[in-house]
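Trainee: Below is one structure. I have some questions about it.
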Amino acid sequence: MELFRQSTARQAAAQAPLAARMRPRSLDEFVGQEHLVGPGRVLRRAIEGDDLSSLILYGPPGTGKTSLAHVIAGATRSEVEQVNAVTAGVADLKQVIARAQDRQTLYGKRTILFIDEIHRFNKAQQDVLLPHVEEGTVILIGATTENPFFEVNSTLVSRSRVLRLEPLRDEEIGTIISRALADGDRGLAGQRVEVDEEARAHLVAVSNGDARIALNTLEVAAMTTPPGPSGTRVITVQIVEEVAQRRALVYDREGDSHYDHISAFIKSMRGSDPDAAVYWLMRMLAAGENPRYIARRMVVHAAEDVGMADPMALVVATSAAHAVEYVGLPEAQIPMTEAAIYIATAPKSNAVVRAIGAATLDVEEQRADPVPVHLRDSSHPQAVKQLGHGQGYKYAHDHPNGFVPQEYLPDSVAGHIYYEPTEHGFETEIRRRLRTWWKGIKNYSPE
């Protein structure tokens, strides 16, 4: 009977999807997340020393949350129980707790409880589990794609260490693909599968940092590709396109294509063409461009090319960048598109950039005079009494409309004008204010 069970288990493992078969069996096989399990890191030391506390693993799909839990299970001397928060009821949890209590009492052995999709835990499940996590009857390891600080019960979060897993880098996805192709026991080496260079690049791109997508796509491509005359299954980019249902775009994330696409995107926003801006945004995302990079460029562009003509553009762009981190793709493409459209349709001004350039030139070329006495710090009474700091300074709020003319620049650059607002958008109002306040004092360009 035991031999039959072992044979059945081996058969089930052989029939498992490639992504399940290629799960790492040890920390040495685990790919990515160096900030957590790299040499000398705290989590790696805890795993190797079998000295774990409760953990919640948080990150996008396919980044290794379940794989890391399996690695921990293989490395620990504790018993491992696994449940899914969606399918496990209160009765299931009570049975797990009972077994854990028996192990602890009878054998002095700890139990690690791995809960997948822990963000779906309801109150009844939490009430059963919480006291036993507190007492140490079970060591909790939860996995979730949702931010646990918002989606997991706070009492569980407070008793666990939250670890964020990042999307895998392209080279890490490439390593996982290479291992699957080379492994004869769990991978595809026995099927004599080859992936040409263009197909591999597209497979990495469509995976978008998700190892499960990469391996699932590779497996279906191998299964649907008949052997050639030599007996080798050669996977081309056309096959990957068909399996992934995404066309391979000509795009090099580190080469000319990368810079050409982002240039077209920025120039479309600068040129106030929202349609072109959305097109180039979607094209970059479809090609696998890092959304964080695009979001950073929108933040810079909002400050550089919209500037004070519409100060809200920077707020919208920054919010879109935050959304990329908070919700990720594909949902983040909505706030990213909103930001691109807002920036494209906003009035444009580069007056802030020109002010930076003009002031920087004076800083570099003009004499660096001391801070004028009336502008120096006057918080210390002895500095005021003995050095005269702050004497002659006019406090703006003591004057009508909160403004009083006085010189704020040192003598070497007195009267210089760096910021010249345009007549675009909100800068029209700024322009009016400055000319009203400084009329007859600063020599602004004619209206």
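Trainee: Among the numbered criteria (1) closer than 30 Å to F265 by Cα; (2) part of a helix (DSSP H, G or I), which single criterion is violated by P330?
Mentor: Failed condition: (2).
Trainee: Looking for whichever is part of a helix (DSSP H, G or I) and within 20 Å of the chain's Cα centre (by Cα) here; the options are I213, I177. Which one fits? Show your work before the answer.
Mentor: Numbers: I177 fails: within 20 Å of the chain's Cα centre (by Cα).
I213 is the lone residue from the list that is part of a helix (DSSP H, G or I) and within 20 Å of the chain's Cα centre (by Cα).
Let's see how each residue does on (1) touching a Ser or Thr at 6+ places or on another chain (Cβ under 6 Å); (2) closer than 30 Å to V324 by Cα; (3) among the hydroxyl-bearing types (S, T, Y):
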position	(1), (2), (3)
Q126	no, no, no
E135	no, no, no
N153	no, yes, no
E166	no, yes, no
E172	no, yes, no
S178	no, yes, yes
R186	no, no, no
A189	no, no, no
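Trainee: Another question about this same structure. Every residue in segment 400-447 that is of a type in the set (D, E) and in contact with a Lys or Arg (Cβ under 8 Å, 6 or more places away or on another chain), please. Break it down stepwise before answering.
Mentor: Residues of segment 400-447 of a type in the set (D, E): 407, 411, 420, 423, 427, 429, 447.
Listed by number, the residues that qualify are E420, E423, E447.
Trainee: Another question, then. For segment 286-304, check the following and say yes or no: at least one residue is farther than 21 Å from L203 by Cα, at pLDDT below 90 and either of a type in the set (A, V, I, L, M, F, W, C) or part of a helix (DSSP H, G or I) (or both).
Mentor: Checked segment 286-304: no residue is farther than 21 Å from L203 by Cα, at pLDDT below 90 and either of a type in the set (A, V, I, L, M, F, W, C) or part of a helix (DSSP H, G or I) (or both).
Trainee: With respect to the numbered conditions (1) assigned to a helix (DSSP H, G or I); (2) over 15 Å from I56 (Cβ atoms); (3) not hydrophobic (A, V, I, L, M, F, W, C), which one is the sole condition not fulfilled by Q126?
Mentor: With (1) assigned to a helix (DSSP H, G or I); (2) over 15 Å from I56 (Cβ atoms); (3) not hydrophobic (A, V, I, L, M, F, W, C) applied to Q126, the lone miss is (2).
Trainee: For segment 216-235, which residues satisfy the criterion of being within 29 Å of the chain's Cα centre (by Cα), in contact (Cβ under 8 Å) with a residue 40 or more places away in the chain and crowded, with 22+ Cβ neighbours inside 10 Å?
Mentor: L218, the sole residue that qualifies.
Trainee: Criterion first (farther than 23 Å from L43 by Cα, loosely packed, with under 13 Cβ neighbours inside 10 Å, over 25 Å from the mean Cα position of the chain (by Cα) and aliphatic (A, V, I, L, M)) does A182 satisfy it? Full working, then the answer.
Mentor: Numbers: farther than 23 Å from L43 by Cα: yes; loosely packed, with under 13 Cβ neighbours inside 10 Å: yes; over 25 Å from the mean Cα position of the chain (by Cα): yes; aliphatic (A, V, I, L, M): yes.
So A182 fits the description; yes.
Trainee: Name the residue that is nearest to M312 (Cα to Cα), counting only residues in segment 394-447 that are assigned to a helix (DSSP H, G or I) and touching a residue at least 24 places away in the same chain (Cβ under 8 Å).
Mentor: Among those that are assigned to a helix (DSSP H, G or I) and touching a residue at least 24 places away in the same chain (Cβ under 8 Å), it is E427.
Trainee: Return the residues of segment 323-349 that are under 23 Å from F426 (Cα atoms) and in contact with a Lys or Arg (Cβ under 9 Å, 6 or more places away or on another chain); say none if nothing qualifies.
Mentor: Listed by number, the residues that qualify are I343, A344, K348.
Trainee: State the number of residues belonging to segment 353-377 that are out of contact with any His (no Cβ under 8 Å at 6 or more places or on another chain) and either crowded, with 20+ Cβ neighbours inside 10 Å or part of a loop (DSSP other than H, G, I, E, B) (or both).
Mentor: Residues meeting the conditions: 7.
The values are calculated or read from the model by the stated rules, or taken from the named source; none is laboratory data. Computed from a prediction, not measured in an experiment: that's the story for all the values here. Glycine gets a Cβ as well: all are built from the backbone with ideal geometry, and neighbour counts include every protein chain shown.
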